[in-house]
Each structure stands twice: as C-alpha cells, then as structure tokens.
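One structure below.
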Amino acid sequence: MSDIRRSILWVIFGFSMILLWDRWQVYNGQPATFFPSASSPARPAASDAPRRDGDASVPAADIATSTPANATATGAAPAAALPPRERHTVRTDVLELTIDSEGASLVGARLLRHAAETGKALRQQFTPLQLLTDSDGRTYVAQSGVVGNGALPTHKTPMRLVEPADPAALTLADGQQTLTLRFESVPIGGAVLRKTLTLQRGSYAIGVQHELVNVGQAPLQARVYQQLLRDRLHAGSETPFYSTFTGPAVYSDAAKYQKVGFDDIDKGKIDIQTRASDGYVAMVQHYFVTAWLLPAGVERENFVRKVDGLYAVGQIGPTLTVAPGEHARFDAQLYVGPQEEKVLEALAPGLELVKDYGWLTILAKPLYWLLAKIHAIVGNWGWAIVALVVLIKAAFYWLNASAYRSMAKMKAINPRIMEMRERLKDKPQLLQQEMMKLYRDEKVNPLGGCLPILIQIPVFIALYWVLLASVEMRNAPWIGWIVDLSSPDPYYVLPLVMTLTTLVQTALNPLPPDPLQAKLMWLMPLIFSVMFFFFPAGLVLYWITNNILTIAQQAVINHQMGVPLKFNLPTFK
C-alpha cells in the first residue's frame, strides 16, 4: 500500500513521456505513434500543391439529387459585355478586405487589431494578421454563388461593383457605422446575381445578401451555395509539445460540433451531418475562424470535400423558384475574425465551440467566464491568471489540506518505515504486515495524499486548455519582459522559476525508501520541466502560481502538525 502513490505518479510520468514522444514525432513531420489525431500537422504532398481559388469547381449543379459535384459550366456572355476583372480593397476599423470581381469572392482579409507578429517581434513592428489570402503560394478564400439546372452565376462569373460608385467610399469614414457594397453579375442562363455585402463598425461579421433576378423567359430553379476553400499549409502546431486543430468544422443541433481533419478528407473519411436546418460551416485554426452562417430554420446541405489539392467546407441552401421578371433573396452571414467567445455566442448557437476546449468543455467554459470577470476588474490577463489560480486553490483548500496532512504523517513515520524495510528486507510478507500495522496505529492512509490531488487534475487540465485556446492571451502583456502570454518566455525566466518551485515541492514530500526510486523522483520534475521551456508564458505562469501556493499550504500544515520543515534530498552516488 505504501507504494501505491508512487505507482500512480509513475503512471502519470510514463503517460507524459508518451505524449512528449508523440508531439516530437508530429513536430518533425512524422505521424503520431500512439495518439494520431486530426490536428497532427502534415507536409502537403506535391499533388496537393495549392492553386488559385479560380481553379476550384463549384458544388452541386444537380438540384434533383442535391449531391455536391463538379459543375464546370459557368455560362457565357458576349465578350464585349464582360466587365474587366478587378480587385477592390475595403476597409473598416477592424477589417481590410480584398474582394475579387470574379464572383465577388473574398480573397483577402487582414485583421487590423491583431498583429501577425507575436512576442518580441511585436516590439519592432506591427503588421495586421492576414487571415484570408490567395497570394504567395497560399489559398484561403470565401466564395458563394448559385447552382441549378443549367448554367447560372457562380463564384467564377464576372461581376461589377455597382455600389458605391466612388472608390473612395470603400473605406468606413469617421462616424460612419455601416458600409454597403453591391456587385452584379453579367446575365448567365437567364439569371443575374446581385450580391450585397454589409459591414458594420467594430464587427467581424459580414452580411451577405444574394438576390437572384430572372431576366429570361422561363422560370428558374436555383440554390445558393457558400463555401470556404483553403490549403493545408501552416496547419500544424508551433511547438512539439502541444497542438491545436486546423481544418473544417460543421455544427448542427442534431450532431453538434463535428471536426474533420485534413488527413481524414484525404482518405475520404468524412462523417458529418449533411442535412440540417440550423448550424454553420467553418474553417478553424488556432485563435481564428471563418464561418458561413444561415438563419435558423433554413434548410441546407453541408459538404466537406477536396478540390484540386484544396479543402472545401460549405453549404447549399434550399431550392428557390423565380418566375420571369421576378427576383428571390437569400441571406447569409460570413464571420472572419478571432475566436472571441462572447462575440461568437451572440452570433449563432454553438459557434463558440470553434474555440475547442476538448472533452473538458463543461469545466473549461465556467473557468473562462470567471477568468474574463477577473480581467474586467484587474485589467491585466497575467494578473487575472494569478488571481484565478488563487481562487481555485482556495476552493480546494480543505481537500488539499487533507492530502497534505496525510503526506505530513507519511513524512513523520518515513524513518520508521525505512528502518523496517532494512530490518525485514529478506522477509517481504512480514514487512508488509508490519507496515500495515504501523499505518493502522498511526492512522495513516497511503492513498490519502493522492486521491485529493487526482480529483483536482481535470480542473487544472481544463484551465490549461482555456489559456491555450483563448485569443485574449495572444500578445497580451503581463509585466516587464513578458509582452505576450501566448508565446514562450524569451529569456526562460518563468520556466526556470517553475522548475525551481517544482523541485522545492518535491523536496517537501517524503522520500521513497528505495534509493533508486528517490533519485528518479527528483529526475521526474526536471524532465517534465523541459516541456515548459516551449510552453506559452501564460501556461507557465499559472503553473508557477499553483506551485507556490501548494508549497505555502504544505509548509503551514507541516508546521501545524509539528513536522519539521526539512527538505528531503536524495543521495546521488
């Protein structure tokens, strides 16, 4: 029984080493050995080289079957009637967008309040983060159009900007709250598509209205589609020790949040809710997301597929019947921005799930809520982390106290156990009986120091994911040299302090009787601490705070129980 606690610690240590090896494999471009996942980065094959968005075909030309398929025909118009292909730059206070007149597709988006640089690099310059792009060998675009029986305007159809007429009006002016752009296609198959984009001050959500006008002599049946198209470059983790998901996601009330990894798409393993009347489709990456949103109650068909080396996620709306001379409207929203939880919650049910907390979401969401409340008071995310850990430790104070009292008792009787082991080393059965008798006489539970700590592990893992997933940590300063809580400490001060506090915490615990186990117990925190040199500063700060509070509480309880404050150091011979 006396070795059970150490056995549990060995299991945790072994599992950590397995995870460490897996992350190292992924970092070096190899598949994970033990825990392969969709978020594992991979290097694109030559056949997956990104192409311009214009090369991708549109989905679902056949309304009768409603099956996403390649529709190559975009219709034809007299050459003289085709407007020249142009790119328009639109700017609000938070977004700078590039819109291609071919299909009025969004082929560029810069987030003006989020820097491309992080950490020390941000001190030298500030370059707005480029989220959507189709240049420099990258493709990540948002497209929409119409499909039906025959050729209709798609994201390949030439369109002209008809509003505003003045190019200077493409920038949101001081005091102006709304900026509206309207594009109009050339007639294709007896139809004209008018696409109206509405941008609001301070908002990353773009209203996209599709108006299909029947200029022919026969009724039209058509469906509006929206899709997000991207390559898989820069889809991996920045360190070998943790990874975040990059790729398509689909949400519906029936199937909830469904992620589809790039590797699964390559293998044709796509399992999503294809028919729904709610939800969204999105392309997710660490801290940021793009998502197409339709009004609740509107029937749609979701799809995920691969097109010419690119990855697409999208949705196709219900059939619109338009009589000659009439028009039909179809509204959607496109979100292009950071994963700010409150903003996402307000836009659509379930949209906040793109900020992925994993299987501990039920614990992580209230922790984030509390962290945000603390930040509203202290005004600094670093101090908010410290205060949150203090509150969590206070909430678990009595549970921790029980564990530390048990450990203090074990520490007090440890010399007697070691003497007993030496005296009865050739009589293991008698040794076990004597140890059990000693535990009963001294009212010591060997598991008493482990179980309370194990109960708290899910809470601290959930907090780990809160800090890792929250875009608020990105380029958030704490004090002095810590200018970005989402990046590693540039001078490794915090990891060194974390290592020191871990060693002090280890020294306060009773040493195992076995000298080899005692040495390994000291090597474990040193090996484990190596990972923290690559972890974001915010995560290391939370761990340091937890260590310091643990040491303080353990020292107080030892003093209360009359156990001398003595560091148990192994003998390395």
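The values are calculated or read from the model by the stated rules, or taken from the named source; none is laboratory data. Source: prediction; values computed, not measured. Reconstructed Cβ throughout: ideal geometry from the backbone, glycine too, with neighbour counts over all protein chains shown. Heads up: the accessible areas ignore ligands, DNA and RNA and are worked out on the full protein's heavy atoms, side chains in. Shrake-Rupley method; radii C 1.70, N 1.55, O 1.52, S 1.80 Å.
A quick yes/no check of all residues on (1) more than 20 Å from Q258 (Cβ to Cβ); (2) out of contact with any Phe, Trp or Tyr (no Cβ under 8 Å at 6 or more places or on another chain):
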{"position": "G325", "(1), (2)": "yes, yes"}
{"position": "F330", "(1), (2)": "yes, yes"}
{"position": "K342", "(1), (2)": "yes, yes"}
{"position": "E352", "(1), (2)": "no, yes"}
{"position": "L370", "(1), (2)": "yes, yes"}
{"position": "H375", "(1), (2)": "yes, no"}
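Are any of the residues in segment 368-376 under 30 Å from V556 (Cα atoms), loosely packed, with under 15 Cβ neighbours inside 10 Å and modelled with pLDDT of 80 or more? Taking every residue of segment 368-376 in turn, none turns out to be under 30 Å from V556 (Cα atoms), loosely packed, with under 15 Cβ neighbours inside 10 Å and modelled with pLDDT of 80 or more.
Residue pairs whose Cβ atoms lie under 7 Å apart, separated by 6 or more positions or on different chains, with the first residue in segment 281-298 and on the phi > 0 side of the Ramachandran plot and the second of a type in the set (G, A, S) and surrounded by fewer than 22 Cβ atoms within 10 Å (Cβ to Cβ), are G297/S277.
Whether a residue is touching a helix residue (DSSP H, G or I) at 6+ places or on another chain (Cβ under 7 Å) and at pLDDT below 95 was assessed, and L399 passes this test. Within segment 236-246, is there a residue that is in contact with a strand residue (DSSP E or B) (Cβ under 7 Å, 6 or more places away or on another chain), touching a residue at least 12 places away in the same chain (Cβ under 8 Å) and of a type outside the set (G, A, S)? Yes - at least one qualifying residue is present in segment 236-246.
Picking from V466, V504, V497, V459, which residue would you name as being out of contact with any Phe, Trp or Tyr (no Cβ under 7 Å at 6 or more places or on another chain), of a type outside the set (G, A, S), assigned to a helix (DSSP H, G or I) and modelled with pLDDT of 90 or more?
Working: V466 fails: out of contact with any Phe, Trp or Tyr (no Cβ under 7 Å at 6 or more places or on another chain); V504 fails: modelled with pLDDT of 90 or more; V459 fails: modelled with pLDDT of 90 or more.
V497 is the lone residue from the list that is out of contact with any Phe, Trp or Tyr (no Cβ under 7 Å at 6 or more places or on another chain), of a type outside the set (G, A, S), assigned to a helix (DSSP H, G or I) and modelled with pLDDT of 90 or more.
Within segment 257-305, the set of residues being basic (K, R) and out of contact with any Pro (no Cβ under 9 Å at 6 or more places or on another chain) comprises K267, K269, R275.
Taken as a whole, the condition of being in the same structural domain as V94 (by the TED database) and among the hydroxyl-bearing types (S, T, Y) does not apply to Y368. Pairs linking a residue in segment 203-222 that is modelled with pLDDT under 95 to a residue that is assigned to a loop (DSSP other than H, G, I, E, B) and acidic (D, E), with Cβ atoms under 7 Å and 6 or more positions apart or on different chains, are N214/E326. Restricting attention to segment 251-280, the residues that are surrounded by fewer than 16 Cβ atoms within 10 Å (Cβ to Cβ) and either of a type in the set (A, V, I, L, M) or on the phi > 0 side of the Ramachandran plot (or both) add up to 4. The residues of segment 206-235 that are of a type in the set (S, T, N, Q), open to solvent by less than 10 Å² (accessible area, probe 1.4 Å) and out of contact with any Ser or Thr (no Cβ under 6 Å at 6 or more places or on another chain), listed by number, are N214, Q227.
Per this entry, L344 is counted among residues that are in the same structural domain as S144 (by the TED database) and at pLDDT 95 or above.
Selection over segment 331-376 of residues that are under 30 Å from P318 (Cβ atoms) and either hydrophobic (A, V, I, L, M, F, W, C) or assigned to a helix (DSSP H, G or I) (or both) gives a count of 13. Figure legend. Inter-residue proximity from segment 393-404: first residues hydroxyl-bearing (S, T, Y), second residues at pLDDT below 70, beta-carbon distance below 6 Å, spacing 6+ or different chains. Indicated pairs: S402/P452.
Of everything in segment 63-108 that is open to solvent by less than 60 Å² (accessible area, probe 1.4 Å) and at pLDDT below 55, the residue that is farthest from P338 (Cα to Cα) is A77.
When segment 469-494 is filtered for residues that are outside any loop (DSSP other than H, G, I, E, B) and free of Cβ contacts under 8 Å to residues at least 40 places away in the same chain, only V493 remains.
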